Amino acid sequence: MKKLWRLFNSRKFAVYLLFVFFSILVLSSFLPSKLTMPVEKWIELKKERPVIFWLSERFSTPYVVKGAAFIGVSFFLFLSTFACTLSRLLARVKTRRLEFEKELSFSFSVEGESPEAIGDFKARALDALRAKKWDFSVSEDAGAVTVEAEKGRDSGFWGSVVFHAGLLVCFLAAPVTALTVLRGDFILTEGVTSRLREVFVSETGKASSLPDADITVGGLKRVYAKGIYDVDFRGKMRIEGRTFNREFPFSVNNPIDLMGYQITLQEFGYSAGVVMEKQGEKVFDYFLNLRHPVAGDYFDLQREGDEGLKLYALFFPDFFREGNKLGTRSKEPRNPVLVVRLFKGGEEISKGLLKLGEEAMIGDYRVKFNELRNWAGFIVVKESGVPVLALGMLIGLPGLLVRFLSNERRLEIGLKPGPSGTKFAYKGYSRYYPAFLEGEVRGMAEGLKEGGDWRT
Amino acid sequence: MAYLEGILVWAAIGLYSFSFLLFLSGLVFKKDFFLRWGYIACLAGFAAHTGSIISRWAETGHLPVMMTYENSLFGTWFIVLTYIVMRRAFPLSRPFAVAVLPLAVLILGNGIQAGAELQPLEPPYKSNWLYVHVLFAWFAFSSYVTAFSAGIMYLLKARAKKGLLSRLPELKLLDELSFRLILFGFFSEAIMIGSGAIWAHGLWGRYWGWDPVETWSLISWLAYGLNIHLRITLGWSGKRAAWLAIGSLFGVIFLFFGLGYISEVHTSIF
């Protein structure tokens, strides 16, 4: 147990662990990840580069961080940081000594002689230290004077300890999130009321833990600049439960807070209302939530007698045709047109082009593009890791700031009577900034020697 | 880019390049005159650079924080600002311009060739956290770049103590400036990561998702964390520390400019 404590208490061991943690992240980050790839590209990678896909599925960052090796290293790093911080704290409380007194610290000395009497020189030297807010003590022995002065004694140490304590709290956010998270998503078409628990697709956690409520989105609004640049997406969500009925505004970056569940807008698209009839009988009457504005979307039309029937829809909000070229001039619905293609058993059977409100015969079907709405996709999250992370940052960042501003330094000034005045020797110690301290003290000593102004 | 902005950006590039030549001449010919005028040219370039940012801001209605060109424009402004502030605080660091200005010109050039189209602020960027995140990102980047410059100068000066390079600042001072800058960059990057996490939670419903940008911002922060620990715990200083300051910048460069070449930056939705 003692050996283990000694190991985790070693700052070198902590540095090595940090290096391993760092290396795993660097290596894994070069592999493609599903997280930042459209589904089609991920499938393409699987087909065309199976070795890379195999490696990516196991060793790209989002996967490797969930593996036992990475979690183990992180845990050891946590223990090591904890042990090192605790032992520094205990040593400080016990010995009350500066760390740089016992560790390797840089030193230098400046010596000289002043024509002043030792008493006058000492008085000016102490005034100078006072003016620069040094803490000092004076001792005298057989006419010789020794002044011991310190500055920034505590700030570096406490800054570092508080920063590492904050870091430890941030570390804790990860397991707290993993243990408490509920996460999933849902899509809603404008004006269509759904049950939250039914439309919710869970990634982690159970839908049954969500509030039992009906949800409807309305007033979905999209704003573009020059018709092509995204400027704003917003709307309102009505949530109606047994005991509450409220309307929440939402937009990108402005999620809804429903009893601790954060509902965040993630996607926004056009929804085309399409009705299909075959021989006078209505066979399809739905809103098609179009998610791929460039490639188009496929929908399975499962129906008895028409097995394997698929509908392909490609939407042009501001349609134009130039010869054989079809396209959209902007993202705004100024001239909405829907291209519909019908497939059966993988073969295209017919296709057509419909303006909003138009209907046409496509194959055996009378197809009508009767309405245009919007749809919105949301992510639902509830977890307790965020406040832990925020607490860790609130603790750690001020600590780091203090650590950055700190400059622990120590001065020993020796004065003794000389043949024509006072002999002085300034000896300085600085843990990290000896050149800065040297400049500071050299200026101090020169100023005193010449009896001039106090300058560093 | 707008007409006025174009004129000002190119004026800034020209003045920075001219300033670099003057600084180089000052070091080669040991003439203080060149160094003095080099600094004046740098200040004039900075004024033009500031003007170009204001012009773009007025044109688009938002701070230049989107995409490669705007990031280059704003980022290099921070780099030059850091140099000017350091030059005021530590006059001996004046020759840092020899390393800082060419980097600024290169980054600006890379930004311009990536395209400088005027665009409104996209919805994901409409968050107050953006300002905290971007501001500290550039504080960190400019500090790291300046520490990198100090590292380069340290190695040059350590190699040849006579002639042209003898006019560079003292080795000890370079070492300490580099460490101070790294500490400040480390602090700024911590705020950048923290504010980014809070922003991400409101935008994507998660504070950390291990996407390439998040992963590489952590990697570059850890690289500097290692850097600091190697200095403090293992007592690395001098040449080894200079190499550390140079090597650690790789992660940051990759984070800011290289990621776009290997994958989507953040998640693809909003």
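The values are calculated or read from the model by the stated rules, or taken from the named source; none is laboratory data. Being a predicted model, the structure only gives us computed values, none of them experimental. Please note: Cβ atoms are built from the backbone with ideal geometry, for glycine as well, and neighbour counts cover all protein chains shown. When the accessible area is computed, the model is the full protein with side chains, heavy atoms only, and any ligands, DNA or RNA have been set aside. Shrake-Rupley method; radii C 1.70, N 1.55, O 1.52, S 1.80 Å.
Just tell me which lysines come within less than 19 Å, Cα to Cα, of A:Lys423; anything on the same chain fewer than 8 places away is out.
Cross-link targets: A:Lys122, A:Lys449.
So if R0 is 41 Å, what FRET efficiency would A:Ser107 and B:Leu43 give, r being the distance between their Cβ atoms, rounded to the nearest 0.05?
Working: r = 39 Å, r/R0 = 0.95.
Taking R0 as 41 Å, the efficiency between A:Ser107 and B:Leu43 is 0.55.
Between A:Leu405 and B:Leu21, how many nm apart are label points set 7 Å from Cα along the C-beta direction?
Taking the simple label geometry, A:Leu405 and B:Leu21 are separated by 4.5 nm.
Under 18 Å from the Cα of A:Lys344, which aspartates and glutamates turn up, not counting those fewer than eight places away in the same chain?
Straight-line reach from A:Lys344, under 18 Å: A:Glu277, A:Asp297, A:Asp300, A:Glu304, A:Asp306, A:Glu307, A:Asp364.
In nm, to one decimal, how far is the B:Ala58 label point from the A:Glu40 one, both placed 7 Å along Cα→Cβ?
Result for the modelled spin labels: 4.4 nm.
Counting only other residues whose beta carbon sits under 11 Å from that of A:Tyr433, what net charge do I get with K and R as +1, D and E as -1? Before the final figure, lay out each step's value.
Values: positive: A:Arg409, A:Arg431, B:Lys172, B:Arg180; negative: A:Glu408, A:Glu438, A:Glu440, B:Asp175, B:Glu176.
Charge balance in the 11 Å sphere: -1.
Which entries of A:Lys133/B:Lys239; A:Lys278/A:Lys310; A:Lys2/A:Lys94; A:Lys325/A:Lys355; A:Lys325/A:Lys351; A:Lys226/A:Lys368 show an alpha-carbon separation above 24 angstrom in the structure shown?
Where the Cα-Cα span goes over 24 Å, the pairs concerned are A:Lys133/B:Lys239; A:Lys226/A:Lys368.
What FRET efficiency comes out for A:Ser208 versus A:Glu281 if R0 is 60 angstrom and r is the Cβ-Cβ distance? Round to the nearest 0.05.
Numbers: r = 38 Å, r/R0 = 0.64.
So, using R0 = 60 Å, E works out to roughly 0.95.
With +1 assigned to the C-beta of every Lys and Arg and -1 to the C-beta of every Asp and Glu, and no other charges, what is the dipole magnitude of the protein assembly as shown about the Cα centre in debye, to the nearest 20? Numbers along the way, then the final one.
Numbers: 84 positive and 68 negative charges, 449 e Å.
So the magnitude is around 2160 debye.
If A:Val402, A:Val93, A:Val381, A:Val64 are ordered by their accessible area, calculated over protein heavy atoms with a 1.4 Å probe, which sequence runs from highest to lowest? Provide the component values of the computation, followed by the final result.
Numbers: A:Val402 60, A:Val93 100, A:Val381 5, A:Val64 25 Å².
The ordering from most to least exposed comes out as A:Val93, A:Val402, A:Val64, A:Val381.
Going through region A:303-335, which trypsin sites (Lys or Arg not before Pro) have at most 14 other Cβ atoms within 10 Å and a DSSP loop state? Please list the in-between numbers first.
Numbers: sites: A:Arg303, A:Lys310, A:Arg321, A:Lys325, A:Arg329, A:Lys331, A:Arg334; in loops: A:Arg303, A:Arg329, A:Lys331, A:Arg334.
Filter output for region A:303-335: A:Arg303, A:Arg329, A:Arg334.
Below 23 Å, Cα to Cα, which lysines can A:Lys236 reach? Residues fewer than 8 away in the same chain don't count.
A:Lys221, A:Lys331, A:Lys382, B:Lys126
At 1.4 Å probe size, put B:Phe96, A:Phe8 in order of accessible surface, largest to smallest. Walk me through the numbers on the way to the answer.
Values: B:Phe96 0, A:Phe8 25 Å².
Accessible-area ranking of B:Phe96, A:Phe8, largest first: A:Phe8, B:Phe96.
How tilted is helix A:385-405 with respect to the longest principal axis of chain A? Cα atoms for both, answer in degrees (0 to 90, nearest 10).
The angle comes out near 30 degrees.
Give the range of the longest stretch in chain B that excludes all GluC sites (Glu not before Pro) found in loop regions by DSSP and having at most 15 other beta-carbon atoms within 10 Å.
The longest such stretch corresponds to B:1-116.
Report, in deg cm²/dmol and to the nearest 500, the calculated mean residue ellipticity at 222 nm for the protein assembly as shown, where each DSSP H run with n ≥ 4 adds -39500 (n - 2.57) and the sum is divided by the residue count. Present the calculation step by step, with values, prior to reporting the outcome.
On the way: 21 runs with 368 residues, N = 726.
Calculated from helices alone, the mean residue ellipticity at 222 nm is -17000 deg cm²/dmol.
Could you work out how far helix A:50-59 tilts from the main Cα principal axis of chain A, as a 0 to 90 degree angle to the nearest 10?
50 degrees
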